[in-house]
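The values are calculated or read from the model by the stated rules, or taken from the named source; none is laboratory data. Just so we're clear, the structure is a prediction, and the values are computed from it rather than from any experiment. Heads up, the Cβs are rebuilt from the backbone with ideal geometry, glycines too, and the neighbour counts pull from every protein chain shown.
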Amino acid sequence: MTFLNPLVLFGLAAAAIPILLHLLNLRKLKTVEFSTLRFLHELQRTRMRKIRLRQWLLLIVRTLLIVFLVLAFSRPTLKGSLAGLGATAARSTIIILVDDSPSMGIPNAEGVILDQARTMIQQIAGLARQGDELHILPLSGSFGRDTSGGLWPAEQASLAARSTSLSNHSYRYAHLLRQALDIAWRAPTANREIYLLTDLQASHFAPESEAADTTLRTVPNVRIFLVGFDQISRENAAVASCVIESRILAQNRPLSIRTTIRNFGDQPVRNSVVSLYLDGVRVAQQTADVSPGGSAALTLSATPRRRGVIGGAVRIEDDVLEIDNSRFFAADIPDTVNVLMAGPTPEHTRFASLALTLSGDSSIAGLFHVDRVTDNQLAYTDLQKYDVLVFSAPRALSPELASRIVSAIRQGKGLLVFSGSGLNAVELNTDLFGPLGIPPIAVPAPTAEDEEAAGFIRFRTIDYAHPVFAGMFEREQPVGGNQPSIESPRIRTAATLATGTTGSTLISLTDGRPFLREYQAGNGRVLLCAIDAGTEWSDFAVRGIFAPLLHRSVLYLAMPQVEKEDALIGDRLTFNLLRSSGEISREYVLVSPGGTEERVTPRPRPGTGSLLFTSAPTEEPGLYRLRYGGNASTGDRSVLQALAVHPDPLESDLHPVSDDLLAAFWKRFGLEDQAVKKLDPGGSIVRQVEETRHGVELWRFVLSLAVACALLEMLLARVIPTTLPEESSHA
């Protein structure tokens, strides 16, 4: 027997009150001198014995009355089936946990599993009686949801079953069961029953973390019913990853995508077609063979035909689980790269400006927007408007201006610095390069003596693996040599760029010094060139290599440095736009893969010049696009950023849970084996539950006994004197 209100049992101490009163009413005998009346004395003794017997009965009845009243309020409950005794069944809290993850949409011999789960919800809800609590909690609502929202009236079970639909969310069961146990802990009922409707997918029963299980508490009188639906096929393949390999993105330039296909089944995958889509059009495909439990890596290439944010996807052929057959990505092909060029005079930036704006390549026509200023105009220029800063032999950078430049670079801007005569190396090293973590440079450098170059310095090595040079040169190997034929400028003098652990050399010279070095500074990149952007130190500016090298360098510096992490369904997306502060007043909308628009309000990030956007929790896989609002007719060219959302990888592995994993799962929640019963969904759920259900409340019986004792006490009190007459002893 258990008690739902055990603290009331302290009231049993009140049962001692009638006994104490009885003891206080006992009186000592008095000796009275009287003549001998033998017959009268014998009659008195007989009458006293009857009165004492009745008073003992009255004492017992009063004591039992208090005991029964206390027991009734403590709500005693017996375990075991006592239905045959006519007892009233205890109230129950029924909590139905429904797995509504994508794998529940897989059909088996009886149809779609989720449809069977809906039918099961109605059958289980039919077990509820008047006064019972019925909670229905879907797996998709186990995070960030008030559990009280799952409370349903029993008569609305059909509506609750119909409202249960397939979701794109996938979580482990631990958090869902933790919420159910919390409801059971607070339930004021004798029976607490939790029903888990699942497809028995092992990944859902896997532990979250040890830290997550330390706050668990044991819930008394709780019983778990496991309703498992078997799947016909557990064979499944998925697109596990999709990464843009190309570091420089441009229109009409090859775009390489590296993808991984995983086989979660026990049978090999043969000649699976893997397709690459750009803007919804298939542009490339390959076939892949994947061994059971293995993976295959592929590289797919395509050429974007427009600028702006391009949505892409890698897809495989359909199988039992459709949601993981696609993997999405967004390629941001620059529409316009805003470049700020600065030098002591306009002549210092003339060649670089012409190289970017007068290109004969139509694919980059209009790509670069160049503003030219002199050094003394930099202090009044809004650096946040530009993607890349190009300095040619800077001479006057105040500490305040240098600090603004450092902040802009660390936030993600690119910086290209050309050396040259008159460059103020002291201020540059102290105020700009030092805070960026760049070693100091020295100018002018002495002219190198190179007999083979006839007094000129030339290129010696080029890092062809670097993104700036990928596909830039035709690497024709000369006979007997390992170096490609490269048109090298004739360099008369060059600055000395320090080498060390920081930075990397992209091009080196024949005298061993670096020609072009790269450095990372926060979220931005810096390229240092050892010569000027004119014709004073070399003929580099009038060589054919100058324009393409400058194009690719500026594009490379404009590319975002921070890699976007993959988001899962249910996550909130964060967009970070490097825009001027005036754009916070504009209207922005976030468009979901299904076309639903959500208005989002940016928050300025103090000291960064950027705007931060946060979305609501995502509900579907695909690309979420951030764009300006107020013009629904614009296409992808109006898209500012796009982020890809993917299903949780744990959903892809359809292998069934083992008995050992199940036992370990229940053990983490303090549930013994006898507290868990597996139900057969093909049998009678009502019969199976009734055979296991336990708990009968006896408070009505106990209260009835208390009422009977009260009536008996009233009857006895009428015929029995409240006090005994004084006894006498005759001498």
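Table: residues versus (1) closer than 16 Å to Leu679 by Cα; (2) surrounded by 15 or more Cβ atoms within 10 Å (Cβ to Cβ).
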site: Ile95; (1), (2): yes, yes
site: Val98; (1), (2): yes, yes
site: Ser101; (1), (2): no, yes
site: Gly105; (1), (2): no, yes
site: Ile113; (1), (2): yes, yes
site: Met120; (1), (2): yes, yes
site: Arg129; (1), (2): no, no
site: Leu134; (1), (2): no, yes
site: Gly141; (1), (2): no, yes
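For region 273-291, filtering for residues that are more than 29 Å from the chain's Cα centre (by Cα) and surrounded by fewer than 19 Cβ atoms within 10 Å (Cβ to Cβ) leaves 10. In the set (1) aliphatic (A, V, I, L, M); (2) in contact with a Ser or Thr (Cβ under 9 Å, 6 or more places away or on another chain); (3) under 30 Å from Gln116 (Cα atoms); (4) modelled with pLDDT under 80, the condition left unmet by Leu650 is number (4). Taken over region 220-263, the criterion of being without any contact (Cβ under 8 Å) to a residue 60 or more places away in the chain, among the β-branched types (Val, Ile, Thr) and surrounded by 20 or more Cβ atoms within 10 Å (Cβ to Cβ) is satisfied by Ile261 alone.
In region 111-141, the residue that is farthest from Pro617 (Cα to Cα) out of those that are free of Cβ contacts under 8 Å to residues at least 40 places away in the same chain and in contact with a helix residue (DSSP H, G or I) (Cβ under 7 Å, 6 or more places away or on another chain) is Ala128. Of the residues in region 170-187, at least one is within 23 Å of the chain's Cα centre (by Cα) and more than 30 Å from Gln674 (Cβ to Cβ). Among the residues of region 172-187, just one is modelled with pLDDT of 90 or more and not in a helix (DSSP H, G or I), namely Arg172.
Yes/no per residue for (1) within 28 Å of Pro602 (Cα to Cα); (2) surrounded by fewer than 23 Cβ atoms within 10 Å (Cβ to Cβ); (3) within 33 Å of the chain's Cα centre (by Cα):
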position	(1), (2), (3)
Cys529	no, no, no
Glu536	no, yes, no
Asp539	no, yes, no
Ala547	no, yes, no
Arg552	no, yes, no
Leu568	yes, yes, yes
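Any residue at all in region 325-348 that is aliphatic (A, V, I, L, M) and not in a strand (DSSP E or B)? So far as region 325-348 goes, no, none of its residues is aliphatic (A, V, I, L, M) and not in a strand (DSSP E or B). Of all residues in region 370-423, exactly one satisfies the criterion of being of a type in the set (Ser, Thr, Tyr) and in contact with a helix residue (DSSP H, G or I) (Cβ under 6 Å, 6 or more places away or on another chain), namely Ser392. Against the numbered list (1) buried (at least 17 other Cβ atoms within 10 Å of the Cβ); (2) modelled with pLDDT under 80, Leu705 comes up short only at (2).
Checked against (1) out of contact with any helix residue (DSSP H, G or I) (no Cβ under 9 Å at 6 or more places or on another chain); (2) outside the structural domain of Ala284 (by TED's automatic domain parsing), Ala302 passes all but condition (2). Scoring Ile224 on the criteria (1) touching a Ser or Thr at 6+ places or on another chain (Cβ under 8 Å); (2) within 30 Å of Thr77 (Cα to Cα); (3) not basic (Lys, Arg) leaves a single failure, condition (1). Taking the numbered list (1) within 52 Å of the chain's Cα centre (by Cα); (2) among the β-branched types (Val, Ile, Thr); (3) at pLDDT 90 or above in turn, Thr501 passes all entries but (3).
Between Leu611, Leu623, Leu578, the distinction of being at pLDDT 85 or above, touching a Leu at 6+ places or on another chain (Cβ under 9 Å) and either surrounded by 17 or more Cβ atoms within 10 Å (Cβ to Cβ) or more than 30 Å from Ala109 (Cβ to Cβ) (or both) belongs to Leu623 only.
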